[in-house]
Amino acid sequence: MAFVQNFPFMSILLSLFSGPLCSVLDGKWARRVNTAVIAVIGIMSAFVLKHVSAGQPYVYRMGHFSAPWGNEIRVGTLEAFMACFFCAVMLLCMLGGIRERAAQIEEGKQNLYYVMVNLLLCSLLALIYTNDLFTAYVFVEINTISACGLIMIRQTGRTFEAATRYMIMSLLGSGLLLLGICHLYAVTGHLLMSNIKEQVQVITATGRYHISLMVALGLMSVGLAIKSALYPFHAWLPDAYGYSTLSSSAILSSLVSKGYIFLLIKIFYRVVGIQAVRESKVVNVLFVFGIAGMIMGSLSAIKEENLKRMIAYSSVAQIGYIYMGLGLATDAGAIASLYHVLSHAATKSLLFVAAAGLAQASGGSDRYGDITGAGFRNRLAGVAFTVGSLSMVGMPVFSGFISKLLFARAAVGHAHKMLPTVIALAVSTILNAVYFMKTVIRIYTIRPVEPGREGENPGSGGTGRQSRGGIGAVSAIEVAEAEILPKETGRTVRLLEEPAKAAALVCFILLNLILGLNSDPIVRLIQGGIEMFE
Amino acid sequence: MSRKVPEERYRKTFSYQFKAWLEGTKDPFLGRVEMRRQEAPPESKEEKERRERDEEALKARVYDLEHNFEMRIFNRLYRVFSILFCIFLVVMLLAAVSDLPAFGRGENPVNNEVAQRYIEEGLEETGAVNIVTGMILDYRAFDTLGESHVLFIATCTVLILLRRDGEEEQREGRDNDRLYEPKDDVILQTAARVLVPPILLFGIYIILAGHLGPGGGFSGGAVIGAGLILYLNAFGFAKTERFFTARTYRRTSFCALACYSLAKSYSFYTGANHIESVIPLGTPGAILSSGLILVLNICVGVVVAGTMYTFYVMFRKGGY
Amino acid sequence: MHWEYLLNNYEEAVAMILFGIGFSNLLLQKNLIKKIIGLNIMDTAVYLFLALKGYISGRKAPVVVDGVTRAEAYINPIPSGLVLTGIVVSVSVTALMLSLTIRLYRRYHTLDLDEITTRLKREGK
């Protein structure tokens, strides 16, 4: 066995060990350990990816006993790639939020935040690699608790309420998931995914225990859907994403729900078999709620007045996309969903970090009235926000276009679900365009500064841009708006004022462009990975 | 001839106390325990009614309930649908249960070759007489590794929420504690002096004998935690701080979890690479047997005991 | 779907009814403490169900006595181990939810989640 094949197990145990390690260090050292751990695991996953794509997927025994008596993890190209990608996104999110963390978290509790992030990373890796259902349940619980810790580390009333709602919803989902696992165990007698699949094929051939199997599948799917904030169960999402600290919002929106979706795809392919899934009615339920989420999420986002909450509602819509793709119950649908997972992870965190940059240039507030013109005050954040918005809407060149294209391709030719899917894609693209483009136009709107108001700007280094006289058609609107909009409270943010955030933004933009322009190898990798899933 | 004694002396006599006990006016804590009398916060009936009216008016104004017909219908529909959903869930689950194999039969699918090997060869492969301990700490050790970290991370979140860090907050926590908890209670102290040593000893026995009979790190740790909580209740924070501070908890839990992770890394690495493990299994039935299981039980027991004590202390005072 | 089997498997039917009771409490109750109690009922019902899976009538607990290691002498040890893990998880999340309740109560002096949401809406949107 090559030494590289030990790397997945080592990455899980390294992140697990660094959790307690960060709890005895103080804030600064904990941050360094955290950054080092994420970087090292990312590099190790890249090596594993190189090794596995040249060879075969393999099974790694955790202990001295092979399946079905001992525990196992399974490593293929798709798992290694997802691990590497998640590490990269998490590293950039943590880099982007350094200033906000220092300001918004108490001194004595900074190291506990890094404990949460480390254990979140460990649970994500374990969910990606695992080959055993009960291990998946235990790490789902670690994921839930650490996500709750990320929300409530910023101790305000809103975050506590958001964390409570999140825990209640999540625990409902966990209960359903555990009950589904118990039913499946009662019927098949195994806990390892490959063994369960053999037994399921025996059972479906004889036709016994059919109802129990369908109920178990339904319980597990609904449980995981509740946990990843599918449409009717999304009530906690806007508050949780909108009011927590920046790196928490970015990590929560891009990574936390995606672990559950990956586990659901594994259950569909590796535990029950895609054939049995197609015969059950559960995919129809997921499909309907996915479409409902796409539309309702966008409608709620249009009504929002707060930038971060608007981006959070947009997350609801994007999770609806992913479940719509899973609801198609074809390989092409699963590939589209997985690509959208990657694209959403890269884009949503970009949007959050850019929004924080814009808010920083507007006196710390992210209400619509205050961020007008922020694109000129913080140039890099404005460009990044524009890139993210265009990607969400689906412009070519960016990654959002590829994922919409894959969804449309998966829908065409489908027996029953082609028409609803295509209509929903079109409608939600228009709705996305409405609220994202509205915001992009607003951050690049120049407002006239009347002479009387110039001396009144509190605490600003520069007074922001003054309008040039010759902007013909716009000035009429500006004059009209000058009565409605409040006083400008912004200051110009220089490019190198916060190098970590600037670097994070640039890397995010590059990641988005790579996903958008270079999508073919990635799609082929996902396709090969799904075939290896069987 | 009987004399009338002064009022304060009369209150200390046996007959007064007996009469008070008969009538139900006697407060058993007054004069025996240093604790303030608990009273409901003073609020007259009018104030209470006014407060409730204010809350209703607030809710109505925010949601505009008089004019918002749709909101009322939505609320009612939401509750109706939730109840229907729960009933549907229970019916579906009962349908699934009726389809399951019958209860308690040996031919069920769950009793397959996996359980057979655990029972028949568990003793010689793991060295543990208690088959369940051998299973969770050797065959399926990865799950238990995750589970001890679930406990650790829950403790971290409780610390984030409830630990009081500043001077001001710590003083407030101390004052609150003195207000509501009894101190120097004779019954508790006598009972604790008798009970706490056997409880701790019993807990240590459960941990050490985890692989020889029913027991293990989790149950033993819970018992030790209970003993520590009883000691704290009887003797107060001043005495407990002499041996259990925040630093103690941090260091012991870090060492225990680190030791656990390292031991399990060794075990997984040698297992996956098909290297023989050098740890001897010993003779079954002896305390020093079954390889790493004894060490893991001790680590888990330490973590659980510290966690139980930390939960109690955080809920009560917010500091050690 | 043979409903008369429910009378034979009545232990598992009771576990499912308990699960339904706990689930509806967690979902529908307004008081936070009652929600947490519902959560505990739900989790306990799942552990009851799982522990029932391991029982085989006429056999003993899986601790080797007198050197007997025949598989027909002991019940199935796997569900016991899974229930152990589950109980620890349940304790952890209960402690977390209770600390959240304490912080919310200290700040808003109410245990009703809807009322807290109302007050937050009023405080500052």
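The values are calculated or read from the model by the stated rules, or taken from the named source; none is laboratory data. What you see is a predicted model; the values in this text were computed from it and never measured. All Cβ positions, glycine included, derive from the backbone under ideal geometry; neighbour counts span all protein chains shown.
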Kindly list the number of the only condition in (1) crowded, with 21+ Cβ neighbours inside 10 Å; (2) outside any helix (DSSP H, G or I); (3) without any contact (Cβ under 8 Å) to a residue 40 or more places away in the chain that fails for A:R208.
(1)
Only one residue in A:L92, A:L112 is of a type outside the set (G, A, S), buried (at least 21 other Cβ atoms within 10 Å of the Cβ), away from chain B (no Cβ under 14 Å) and in contact with a Cys (Cβ under 8 Å, 6 or more places away or on another chain). Which one?
A:L92
Just checking, does the range B:74-86 include any residue being within 7 Å of another protein chain (Cβ to nearest Cβ), at pLDDT 90 or above and out of contact with any Ser or Thr (no Cβ under 8 Å at 6 or more places or on another chain)?
no
Tally the residues that are free of Cβ contacts under 8 Å to residues at least 40 places away in the same chain and either of a type in the set (V, I, T) or facing another protein chain (nearest Cβ under 7 Å) (or both), restricting the search to the range C:36-50.
5
Among A:L495, A:L419, which is closer than 30 Å to A:A332 by Cα, exposed (fewer than 15 other Cβ atoms within 10 Å of the Cβ) and either of a type outside the set (F, W, Y) or modelled with pLDDT under 90 (or both)?
A:L419
Residues within the range A:34-66 that are surrounded by fewer than 20 Cβ atoms within 10 Å (Cβ to Cβ), within 14 Å of another protein chain (Cβ to nearest Cβ) and in contact (Cβ under 8 Å) with a residue 60 or more places away in the chain, tallied:
1
Please enumerate the residues belonging to the range A:301-316 that are more than 14 Å from every other protein chain (Cβ to nearest Cβ) and either surrounded by fewer than 19 Cβ atoms within 10 Å (Cβ to Cβ) or of a type in the set (V, I, T) (or both).
A:I302, A:I311, A:V316
Count of the range C:21-33 residues which are touching a Leu at 6+ places or on another chain (Cβ under 6 Å) and free of Cβ contacts under 8 Å to residues at least 60 places away in the same chain:
1
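Matching residues to (1) in contact with an Asp or Glu (Cβ under 6 Å, 6 or more places away or on another chain); (2) touching a residue at least 12 places away in the same chain (Cβ under 8 Å); (3) hydroxyl-bearing (S, T, Y):
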{"residue": "B:N111", "(1), (2), (3)": "no, no, no"}
{"residue": "B:Q116", "(1), (2), (3)": "no, no, no"}
{"residue": "B:G122", "(1), (2), (3)": "no, yes, no"}
{"residue": "B:T126", "(1), (2), (3)": "yes, yes, yes"}
{"residue": "B:V129", "(1), (2), (3)": "no, yes, no"}
{"residue": "B:D138", "(1), (2), (3)": "no, yes, no"}
{"residue": "B:D143", "(1), (2), (3)": "no, no, no"}
{"residue": "B:H149", "(1), (2), (3)": "no, yes, no"}
{"residue": "B:V158", "(1), (2), (3)": "no, yes, no"}
Before we move on, is A:I251 assigned to a helix (DSSP H, G or I) and modelled with pLDDT of 90 or more?
yes
Search the range C:55-87 for residues being facing chain B (nearest Cβ under 7 Å) and not in a loop (DSSP other than H, G, I, E, B), and hand back the single one that is modelled with the lowest pLDDT.
C:A71
Among the residues of the range A:10-29, which ones are crowded, with 16+ Cβ neighbours inside 10 Å and over 24 Å from the mean Cα position of the chain (by Cα)?
A:M10, A:F17, A:P20, A:L21, A:C22, A:S23, A:V24, A:L25, A:G27
Being more than 7 Å from every other protein chain (Cβ to nearest Cβ) and out of contact with any Leu (no Cβ under 7 Å at 6 or more places or on another chain) is the filter here, so list the residues in the range A:7-20 that pass it.
A:F7, A:P8, A:M10, A:L14, A:S18
Filter result (polar (S, T, N, Q) and part of a loop (DSSP other than H, G, I, E, B)) within the range B:286-302:
B:S289, B:S290
Regarding the range B:135-155, can at least one residue be identified that is assigned by TED's automatic domain parsing to the domain that holds B:L288, hydroxyl-bearing (S, T, Y) and under 30 Å from A:E107 (Cα atoms)?
yes
It is to be established whether one or more residues within the range A:134-149 are more than 17 Å from A:S174 (Cβ to Cβ), out of contact with any Pro (no Cβ under 7 Å at 6 or more places or on another chain), crowded, with 24+ Cβ neighbours inside 10 Å and within 8 Å of chain B (Cβ to nearest Cβ).
no
Flag if C:Y47 is modelled with pLDDT under 85, surrounded by fewer than 22 Cβ atoms within 10 Å (Cβ to Cβ) and touching a helix residue (DSSP H, G or I) at 6+ places or on another chain (Cβ under 6 Å)
no
Residue satisfying condition, being of a type outside the set (K, R), touching a residue at least 24 places away in the same chain (Cβ under 8 Å), under 18 Å from A:C22 (Cβ atoms) and in a helix (DSSP H, G or I), within set A:L184, A:L127, A:L121, A:L172
A:L121
Of all residues being of a type in the set (S, T, Y) and modelled with pLDDT of 95 or more in the range A:136-163, which is nearest to A:R99 (Cα to Cα)? Just the residue, please.
A:S146
Quick check on B:E107: is it more than 7 Å from chain C (Cβ to nearest Cβ) and either surrounded by 14 or more Cβ atoms within 10 Å (Cβ to Cβ) or out of contact with any Pro (no Cβ under 7 Å at 6 or more places or on another chain) (or both)?
yes
What are the pairs, 6+ residues apart or on separate chains, where a residue within the range A:278-296 that is under 15 Å from A:S228 (Cβ atoms) has its Cβ under 6 Å from a residue that is of a type in the set (V, I, T)?
A:G293/A:V316
Kindly indicate whether C:L120 is more than 7 Å from chain B (Cβ to nearest Cβ) and either of a type in the set (F, W, Y) or touching a residue at least 60 places away in the same chain (Cβ under 8 Å) (or both).
no
Cβ contacts < 7 Å: first residue under 8 Å from B:G225 (Cβ atoms) and more than 11 Å from every other protein chain (Cβ to nearest Cβ), restricted to the range B:302-320; second residue of a type in the set (A, V, I, L, M) and in a helix (DSSP H, G or I), any location; separation 6+ or different chain. Result?
B:A305/B:I224; B:A305/B:L228; B:Y309/B:L228; B:Y309/B:I229
Could you tell me whether the range B:173-190 includes any residue that is at pLDDT 90 or above, under 22 Å from the mean Cα position of the chain (by Cα) and not basic (K, R)?
no
Hey, B:T283 hits all of (1) outside any helix (DSSP H, G or I); (2) within 33 Å of the chain's Cα centre (by Cα) but one; which does it fall short on?
(2)
